[in-house]
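Right, one structure below, let's go through it.
Just so it is clear, none of the values below were taken in a lab; they were calculated from the coordinates. Owing to the predicted nature of the structure, the values given are computational and were not obtained by experimental measurement. When we count neighbours, we look across all protein chains shown, and the Cβ atoms used for this are built from the backbone with ideal geometry, even at glycine.
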Amino acid sequence: MKRLFACFSSLFFLCCTLQAQDSPASLATRADSPEIQQFQKFEDTWALAINNRDQYALELALSPLYVDIASTGEVTTRNQQVAEVLRNQDKTQHIEQKVITVRMLGDLAVINGTYTQHHRAGSAQVDEKGVFTHLFQRLHGGWVCINSQRTALRNETDPKTGKAAKKQSTAEIPFHIPLVNK
């Protein structure tokens, strides 16, 4: 009975492993992979449309169903994004995006990456750095973005020097192994 259970379990796990290898989901993380290069070109086209205030190119990049969640938590649609790009008075605004991973899920692709957005806040220039997740859908032989979420990274600077503050751990021992460390 135990042998039958062991054989069945082994066969079951082997089938699960083969099924996972045949699944349509794939993860691209190497910079030279074709998926990352393809979506990096798309991200560059999208950023160029924003930087040049190109309404037509922006409408081609974003799905009519597009939803954007900004790093501030503001939720906007494609039409609101296009209107904001056209009426934006900040001529110094510039965005750069770098694709880090691409996960293909059939006609959907999940893109993770980093961004740097140069813009004006009041009278000062601000460089906001962060991470993004974009969801693309294959549509009519091309790709359109249907969802975007950005998260700004905290920029901790020392108010006296203006330089990045080094973060110190508050733990006595950052990594503790019982019976080895006292």
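Observations
- Each of 59, 84, 74 has some number of other Cβ atoms within 10 Å of its Cβ, and from fewest to most they run 74, 84, 59.
- 3J(HN,Hα) along segment 135-145, derived from phi through the Karplus expression 6.51 cos²θ - 1.76 cosθ + 1.60 where θ = phi - 60°, amounts to 10, 10, 10, 6, 9, 6, x, x, 10, 10, 7 Hz, with x in place of Gly and Pro.
- Whole-angstrom gap from segment 47-86 to segment 110-158, using each part's C-alpha centre: 12
- Taking segment 125-154 and a reference point 7 angstrom along Cα→Cβ of residue 45, the backbone N atoms nearer than 13 Å belong to 137-145.
- Hypothetical label at residue 92: residues of segment 117-151 whose amide nitrogen lies under 14 Å (7 Å Cα-Cβ projection): 117-128
- Residue 110 paired with residue 65, simple spin-label distance in nm, labels 7 Å along Cα-to-beta-carbon: 1.7
- Label positions at residue 77 and residue 103, each projected 7 Å from the Cα along the C-beta direction, are separated by 2.8 nm.
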